[in-house]
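*Asks:* The structure follows.
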Amino acid sequence: MSEMGVRPIAQLKCNYIAGDELWEGRPQSEALCASKILQSAPRGAGYVEAHLKCFYTNACSMRNKQEELEALAQSQCCDVIGISETWWEESCDWCAVMDGYRLFRRDRQGGRGGGVALYVTVGLDCTELSDGDDTVESLWVRIKGQANKWDVVVAVYYRSPSQDDAADELFFKELREASKSTALVLMGDLSLSDVNWEHHTADTSRSRSFLKHLDDNFLVQLLKEPMRKGALLDLLFVNREGLMGEVAIGGHLGHSDHEVVEFKIFGDRRKTATKTSTLDMGRADFRLLRELVSQVPWETALEGIGVHQCWSLFKGHLLRAQEQAIPKCCKSSRQGRRPAWPNKDLLELRWKKKVYACWKQGQATWEDYRDAACLCREKIHAAKAQLELKLASTVGDNKKGFLKYINNKRRTRENIGSLLDKNGHLTNRDIDKAETFNAFFASVFNTDDRLWDPRCPELEDRDC
C-alpha cells in the first residue's frame, strides 16, 4: 500500500494507545483514521439511550470463539447478540453461558453443525414466544417496551442449503405468527445466494417462494454489502420503517469467513428493575451492632421462658439492632458486569476492529488485518487460561472465587428430559411432564400415610 504498510500500521497502534496528541503533523489519511478511533470509544455501562445496540454474525462454530464474543460484548456494551451456526450440543452448556446475558438457544437435532443462539442482556424484560419445531433452527424472543408499548420481536434463523420444503413451510408458519407483532427484526443466514435484493428477483422457485412470503409479511431487507466471499447470505429484515438504523458491517468473529453486522433498534424498552433489598455490609457499623446487642440484659430477659420464646426474643433484638447498624441497598443486577478475565486485552479487540476499518478503506493490507485478528485471539485465550489456572492453583485459599466462576458457567436453561408416568408411558410434552410431576407429588399426601414406618422397630409404641 502507499503510506499505510506494515510499519505505519505498527506506528498507528502505538499512537492509538498513547493518545491523539501524537497525530500532529501526520498525513490526513492517518489523522482521519485516528479521529474515528477516538470518537468511537465505547460508552460506559451506565449510559442510557432509547435504543438497543445489537450485532449478528454467522460464527461457523462457536467452540473457539466464545472468549472473543464475551470481550466484544463487554467492549461494545451490546444489548442483543444473534449467532447462527453455533455448532453447539448438550456438552457445550459449560462454554455457552455469558455472564450478564440471558441465553436462548436451539441446537441442531441429530446432526453436526447448524444451531442458533440469542443473547439478551439481563436488564431487559424478554420472553421466548414458543419452543417451535426442532426441525426449524429459529428463535423468536419478545422484548417488552415501556408501559406495554413498543414491544419488539427479535428473531434469528439459520436455513441450511439442504433444507427441505417441509421445513420451509414450518418456518413460514412461525413467521406469520411472529409478524402479528407491530415490530419485528429478523436476522440470519437464509442461504439465498441467487436472490437479487436490489431488483427483488430470484432464479429458483424456492427462492421466489421465500420472497413472496417475506413480502406477504411486509419484511424489508436492509443489507446491501456481501457478507461472505462476495455473496449476500446473511440478511437483516424489519417490518416497520424507522425501527432500525446505524447498520454497519465490520470485522469477523475469530476466523469465521462471515462478517459481523452491527445495528440499533430504536424505541424505549422496559428495564427489569429489581426491588429486592439486601444488607450493605460495606457500610455496616459493627461496633454499634455489638453495643446494641450487649445492652440487652440477656440473663434476665431469657429467664423462665421456653426455647421458642427465647429464640423469638433474641431474633427481635438482633433485627432491631441490625436495622440501626447495617444500612440496606437495592440488590444490583448482573447487567454490565464484565467477565472476570479481560483486562487490557479489550484494547487488542478494539484495535482489530480499527485495522479492519482501515483495510476496507484501502489504508492497510489484508495481512495487517489477519495479524491483528490472530494477535487478538491469542491474547484473549491466554488471558482466560491464565485466570482459570490461577483459580485452580489457589482453590484451597480461594474457594469462594472458584465456585463463583463455576456457578456462573452453569447458568443456562436446562430442559427436563422424558418422564415415565404411572402407566409406564413415556411423556415428552411439557404439559404431560407437569401432569406426571403433579400426580407423583399428590400421591405422597394421602389418608393412608402414617407418621412412622412399621419396618422401623424403634418407632413402635412400647410399654414401659
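*Asks:* Can you order the peptides 376-382, 288-294 by their average number of other Cβ atoms within 10 Å per residue, highest first? Please list the in-between numbers first.
*Replies:* Numbers: 376-382: 18.7, 288-294: 14.0.
So the peptides 376-382, 288-294, ranked by packing, come out 376-382, 288-294.
*Asks:* What is the diffusion coefficient of the range 190-286 in µm²/s, taking the Kirkwood radius over Cα pairs and the Stokes-Einstein relation at 20 °C with a viscosity of 1.002 mPa s?
*Replies:* Details: Rh = 17.0 Å.
It diffuses with D of about 126 µm²/s by this estimate.
*Asks:* If you don't mind, there's one more thing I want to ask. Could you tell me the relative contact order of the range 53-110? Use alpha-carbon pairs under 8 Å, at least six residues apart, and round to a whole percent.
*Replies:* Values: 55 pairs, mean separation 24.4, N = 58.
For the range 53-110, the relative contact order is 42 percent.
*Asks:* Just name one of ALA325, GLY306, LEU279: the one whose Cα is farthest towards the positive end of the charge dipole of the range 277-330 (beta-carbon charges, Lys/Arg +1, Asp/Glu -1).
*Replies:* The residue sitting farthest along the positive end of the dipole is LEU279.
*Asks:* Sticking with this one: Subtract the Cα-Cα distance of LYS315 and LYS399 from 0.36 nm times their separation in residues, and report this length gain in nm to one decimal.
*Replies:* Details: separation 84, 0.36 × 84 = 30.24 nm, distance 3.04 nm.
Separation in residues times 0.36 nm, less the Cα-Cα distance, equals 27.2 nm.
*Asks:* Quick one: putting +1 on the C-beta of Lys and Arg, -1 on the C-beta of Asp and Glu, what dipole do you get for the range 216-267 around its Cα centre, in Debye to the nearest 20?
*Replies:* On the way: 5 positive and 8 negative charges, 4 e Å.
The dipole of the range 216-267 has a size of about 20 debye.
*Asks:* Moving on to the next point. Per residue Cα convex hull volume for the range 277-330, in cubic angstrom?
*Replies:* Working: hull volume 3.7 nm³, N = 54.
Cα convex hull per residue, to the nearest whole number: 68 Å³.
*Asks:* Taking just the C-alpha trace of the range 150-216, give me its Rg and Dmax in Å.
*Replies:* Taking only Cα atoms of the range 150-216, I get Rg and Dmax of 12.4, 37 Å.
*Asks:* On a 25 Å Cα-Cα criterion, which of the cross-link pairs LYS53/LYS328; LYS354/LYS390; LYS65/LYS264; LYS328/LYS399; LYS212/LYS264; LYS53/LYS173 come out too long?
*Replies:* On the way: LYS53/LYS328 33 Å; LYS354/LYS390 32 Å; LYS65/LYS264 23 Å; LYS328/LYS399 27 Å; LYS212/LYS264 27 Å; LYS53/LYS173 28 Å.
Violating the 25 Å Cα-Cα cut-off are LYS53/LYS328; LYS354/LYS390; LYS328/LYS399; LYS212/LYS264; LYS53/LYS173.
*Asks:* Continuing with this model, one more query. Three principal axis extents, largest first, for the C-alpha atoms of the range 95-248, in Å?
*Replies:* Extents along the principal axes, in whole Å: 44, 39, 29.
*Asks:* Measuring from label point to label point, each 7 Å out along Cα→Cβ, what is the ALA392 to TRP87 span in nm?
*Replies:* Once both label points are built, they end up 2.3 nm from each other.
*Asks:* Residue-wise, which Karplus ³J(HN,Hα) couplings in Hz belong to the range 397-405, taking 6.51 cos²θ - 1.76 cosθ + 1.60, θ = phi - 60°, and x for glycine or proline?
*Replies:* 9, 9, 5, 5, x, 5, 5, 5, 5
None of the figures in this text is laboratory data; all of them are computed from the coordinates on show. Please read all numbers here as calculations on a predicted model, not as lab measurements. Quick reminder, even Gly has a Cβ in these numbers, built from the backbone with ideal geometry, and neighbours come from all protein chains shown.
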